[in-house]
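S.K.: Just dropping this structure here.
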Amino acid sequence: MTGGIQLQTPGGRQEIAAADSDAALPLSELLARRGFPLNTRCGGRGLCAGCEVELLSGSLRRGGDGEAVAGGKAVRVKSCQVRWAGVPVEIAVPARSLLCHEPAVVSEFRINVPWAHDPLEREARYGAAVDVGTTTVALLLCDLATGNVVGEASAFNAQIRFGEDVLTRIQFCGTAGDALARLQRSVVADTINPLLREACKGAGVPASDVGVMSVAGNTTMLHLLAGVDPTPMGVHPFRPVFLGHRCYAARELGLELGGDAAPVHLMPGPAAYVGADLAAGIAATGLLYDEGPALLVDVGTNGEIIAKVGGRLLGCATAAGPAFEGAGLASGTRAVQGAIERVHLQREPFAAELGVIGGAACPIGICGSAYVDFLWEARRIGILQATGRFSDQFCSSAGEAVQADNHGRKLRLHAHGISGPIWVSEMDISRLLQAKAAIAAGMATLLRLLGKAPCDVKRLYLAGGFGMHLSLEHAIGCGLLPGFATGQIQVVGNTSLGGAFLALNDRSFLDEMTAACRAMEAVELNLQPGFEDTYIDQLALP
């Protein structure tokens, strides 16, 4: 065999010599060995278009059947699925297919896929990636010339004062004529704009140089950011006004970017309660290109689950509620300074060893990761029964540590919290069991629809800030992630922000998220036979 490869890239033309042995390699591997690695984000399995090139002239061989692929106008091939055929060829590589960055852990999320340097807005000097969460908003400031993160900031979503979860905010929109405008001002003027100023100040970057923003979040949050009434999602059949990618001028939303016309891209989402945050997550984790069986689970203010087997992609939302963020619990709090984040229990004599964020001597309350610890520890040593009730035998020996009121019995974990004793009540435990049962039953239902069991899952991607600080052993042991092993689970952090970051720096991800949203089947759990029985079964502590 003789010949070579004429390669056209955004950096110019290159002549690549090829030898007989190269004919056995996928074209993507051949080019990588010559210093031109491509964006094989699906691992070279032909599941994405990341390594797509244009075959201008000559011919290549398909890897599967050896058939020739002739070059010509607009002939595009996935380079991982073809091989050099031993004859001269001319190939053009678009910028998005060139691999400029390896998989990396960036800020508080993990990126499992390679990405190309092909910014969403090529003329912009800097860009901002934003995750608008129901509880918190996180922002990254990126140098689009390098793809580097140069600044970051995060804060609570100022909409919290209008409701803890999406349903209460949707309901609020129907209570007053200016409710929607107030919610939009809260997330824009009171949250995102200050975060952008903070990130710019920290990086020494003029805000006028920030020329583009990409935003991911659940469907309700994106409606509220855009000033679009979300109330249709509050009643059956739960129809959002929009799901697809939208682009606004900054001035339309009140965002203070580099110019009034600076584009703000809202990421696409598949359904009312499986939003753009999950679409971003399936891209950042690589789930989109994973043959599976695989799961993406985000346990936040809302519980969302994606399951994938082969080409089938299912998604659902669970009515977990904000219990794991402390809402509605006697001593519950979010994961902030002064919150108890770790619990280790001893039964006889009863003692609680506590880990407090920041090490404060007088904690303010208990956050989600500690509640998971408590459920596991208390069940393990016999303080709790399978029903979540305190053991009578333990209560009789615990002295003043156990007390009773109108809502049942409660256990004191700390006598001198900042606002008095820190308690865990049987009412708290009931709400926690309902939340963990909703997540567990949602996973079980999606897997059942796909004909799989937890032991079949090759990877469970655990997303969200809650997952970052969770004891996986305790989450499995208390039944939040039932039937799984720690080796199956990868903690991936804020993948919503990760997906927004990827789209900002590699425009091809926007198209791939859109395609994934169209392919995803949204599952309404309450309509699935057997879901209620599964939920009831999961209310028990193992």
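S.K.: What are the residue pairs meeting all of these: first residue in segment 5-16, first residue closer than 16 Å to SER59 by Cα, second residue open to solvent by 30 Å² or more (accessible area, probe 1.4 Å) and not in a strand (DSSP E or B), Cβ atoms under 6 Å, and 6 or more apart or on different chains?
M.R.: ILE16/ARG34
S.K.: Across segment 146-177, what is the number of residues that are over 23 Å from the mean Cα position of the chain (by Cα) and over 15 Å from HIS223 (Cα atoms)? Write out each step before concluding.
M.R.: Going residue by residue through segment 146-177, those that are over 23 Å from the mean Cα position of the chain (by Cα) are 146, 161-162, 171-177.
In the following step, the residues that additionally are over 15 Å from HIS223 (Cα atoms) were identified as 146, 161-162, 175-177.
Number satisfying all stated conditions: 6.
S.K.: Restricting attention to segment 376-421, and to residues there that are closer than 14 Å to GLY332 by Cα and among the aliphatic types (A, V, I, L, M), which single residue is modelled with the lowest pLDDT? Step through it out loud before you land on a result.
M.R.: Our first condition is that a residue be closer than 14 Å to GLY332 by Cα; within segment 376-421, this holds for 410-414, 417-421.
If we keep only those that are among the aliphatic types (A, V, I, L, M) too, we end up with 411, 413, 418.
On the way: LEU411: 96, LEU413: 96, ILE418: 82.
The extreme case among them is ILE418.
S.K.: Considering only segment 477-491, state which residues are under 20 Å from the mean Cα position of the chain (by Cα) and open to solvent by 30 Å² or more (accessible area, probe 1.4 Å).
M.R.: Just the residues of segment 477-491 that are under 20 Å from the mean Cα position of the chain (by Cα), to begin with: 480-481, 484, 486-491.
Correct list: THR486, GLY487, GLN490, VAL491.
S.K.: I'm trying to understand the selection: among the residues of segment 86-104, which are modelled with pLDDT of 80 or more and open to solvent by less than 40 Å² (accessible area, probe 1.4 Å)? Working first, answer last.
M.R.: From segment 86-104, those modelled with pLDDT of 80 or more are 86-93; that's our starting set.
Selection gives GLY86, VAL89, ILE91, ALA92, VAL93.
S.K.: Scan segment 139-157 for residues that are at pLDDT below 95, on the phi < 0 side of the Ramachandran plot and open to solvent by less than 20 Å² (accessible area, probe 1.4 Å) and report the count.
M.R.: Total satisfying the criteria: 2.
S.K.: Right, something else. Could you identify the single residue in ALA226, ALA261 that is open to solvent by 10 Å² or more (accessible area, probe 1.4 Å) and more than 26 Å from CYS173 (Cβ to Cβ)?
M.R.: On the way: ALA226 fails: more than 26 Å from CYS173 (Cβ to Cβ).
Result: ALA261 is the single residue among ALA226, ALA261 that is open to solvent by 10 Å² or more (accessible area, probe 1.4 Å) and more than 26 Å from CYS173 (Cβ to Cβ).
S.K.: Looking at segment 158-181 only, could you name the residues that are among the basic types (Lys, Arg) and crowded, with 18+ Cβ neighbours inside 10 Å? Break it down into steps so the answer makes sense when it comes.
M.R.: Here is the first cut: in segment 158-181, the ones among the basic types (Lys, Arg) are 161, 169.
Hit for segment 158-181 is ARG169, nothing else.
S.K.: While we're looking at this one, here's another question. Please go through segment 175-186 and pick out each residue that is touching a residue at least 60 places away in the same chain (Cβ under 8 Å) and more than 14 Å from VAL228 (Cβ to Cβ). Quick ask: steps written out before the conclusion?
M.R.: Within segment 175-186, the subset touching a residue at least 60 places away in the same chain (Cβ under 8 Å) is 184-185.
Within segment 175-186, ARG185 is the sole residue that qualifies.
S.K.: For the subset of segment 337-350 comprising residues that are open to solvent by 40 Å² or more (accessible area, probe 1.4 Å) and farther than 11 Å from GLY368 by Cα, which member is modelled with the lowest pLDDT?
M.R.: Within segment 337-350, the subset open to solvent by 40 Å² or more (accessible area, probe 1.4 Å) is 337, 341-342, 344, 346-350.
Filter once more, so that each one left must be farther than 11 Å from GLY368 by Cα: 337, 344, 346-350.
On the way: GLN337: 83, HIS344: 96, GLN346: 93, ARG347: 91, GLU348: 88, PRO349: 92, PHE350: 94.
So the residue we want is GLN337.
S.K.: Here's another thing I want to ask about it. Select from segment 4-32 the residues that are open to solvent by less than 40 Å² (accessible area, probe 1.4 Å) and charged (D, E, K, R) and list them in ascending order. Full working, then the answer.
M.R.: Step one: list which residues in segment 4-32 are open to solvent by less than 40 Å² (accessible area, probe 1.4 Å), which gives 4-5, 7, 9, 12, 16, 18, 22-23, 25-28, 30-31.
Of everything in segment 4-32, just one residue is open to solvent by less than 40 Å² (accessible area, probe 1.4 Å) and charged (D, E, K, R), namely ASP22.
S.K.: Is it the case that ASN218 is open to solvent by 10 Å² or more (accessible area, probe 1.4 Å) and either of a type in the set (Ser, Thr, Tyr) or under 24 Å from ARG448 (Cα atoms) (or both)? Break it down stepwise before answering.
M.R.: Details: open to solvent by 10 Å² or more (accessible area, probe 1.4 Å): yes; either of a type in the set (Ser, Thr, Tyr) or under 24 Å from ARG448 (Cα atoms) (or both): no.
Here the answer is no, as ASN218 does not meet what is asked.
S.K.: Which count do you get for residues in segment 265-322 that are of a type in the set (Gly, Ala, Ser), at pLDDT 95 or above and open to solvent by 20 Å² or more (accessible area, probe 1.4 Å)?
M.R.: Looking only at that region, the number is 0.
S.K.: Name the one entry in THR134, THR146 that is free of Cβ contacts under 8 Å to residues at least 40 places away in the same chain, β-branched (Val, Ile, Thr) and not in a helix (DSSP H, G or I). Show your work before the answer.
M.R.: Values: THR134 fails: free of Cβ contacts under 8 Å to residues at least 40 places away in the same chain.
Being free of Cβ contacts under 8 Å to residues at least 40 places away in the same chain, β-branched (Val, Ile, Thr) and not in a helix (DSSP H, G or I) holds for just one of THR134, THR146, which is THR146.
S.K.: Further, regarding this structure: Being open to solvent by 50 Å² or more (accessible area, probe 1.4 Å) and either in a helix (DSSP H, G or I) or modelled with pLDDT of 95 or more (or both) is the filter here; which residues of segment 505-520 pass it? Walk me through how you get there before you give the answer.
M.R.: We begin by selecting, within segment 505-520, every residue open to solvent by 50 Å² or more (accessible area, probe 1.4 Å); these are 507, 511, 515, 518-519.
Within segment 505-520, ASP511, ALA515, ARG518, ALA519 meet the criteria.
S.K.: Test ALA249 against the criterion of being farther than 28 Å from GLY163 by Cβ, among the small types (Gly, Ala, Ser) and open to solvent by less than 20 Å² (accessible area, probe 1.4 Å), and give yes or no. First the steps, then the outcome.
M.R.: Numbers: farther than 28 Å from GLY163 by Cβ: yes; among the small types (Gly, Ala, Ser): yes; open to solvent by less than 20 Å² (accessible area, probe 1.4 Å): yes.
Yes: the conditions hold for ALA249.
S.K.: How many residues, within segment 33-60, are modelled with pLDDT of 90 or more, within 30 Å of ASN112 (Cβ to Cβ) and either out of contact with any strand residue (DSSP E or B) (no Cβ under 8 Å at 6 or more places or on another chain) or open to solvent by 40 Å² or more (accessible area, probe 1.4 Å) (or both)?
M.R.: Within segment 33-60, residues that are modelled with pLDDT of 90 or more, within 30 Å of ASN112 (Cβ to Cβ) and either out of contact with any strand residue (DSSP E or B) (no Cβ under 8 Å at 6 or more places or on another chain) or open to solvent by 40 Å² or more (accessible area, probe 1.4 Å) (or both) number 1.
S.K.: Quickly run through segment 359-375 and pick out the residues that are over 20 Å from SER419 (Cβ atoms) and modelled with pLDDT under 95.
M.R.: Looking only at segment 359-375, we keep the residues that are over 20 Å from SER419 (Cβ atoms), and these are 369, 372-373, 375.
SER369 - this is the single residue of segment 359-375 that is over 20 Å from SER419 (Cβ atoms) and modelled with pLDDT under 95.
The values are calculated or read from the model by the stated rules, or taken from the named source; none is laboratory data. The structure displayed is predicted, hence computed values, not measured ones. For neighbour counting, all protein chains shown are included, and Cβ atoms are generated from backbone atoms with ideal geometry for every residue, glycine included. For accessibility, only protein heavy atoms count, side chains too; no ligands or nucleic acids. Shrake-Rupley method; radii C 1.70, N 1.55, O 1.52, S 1.80 Å.
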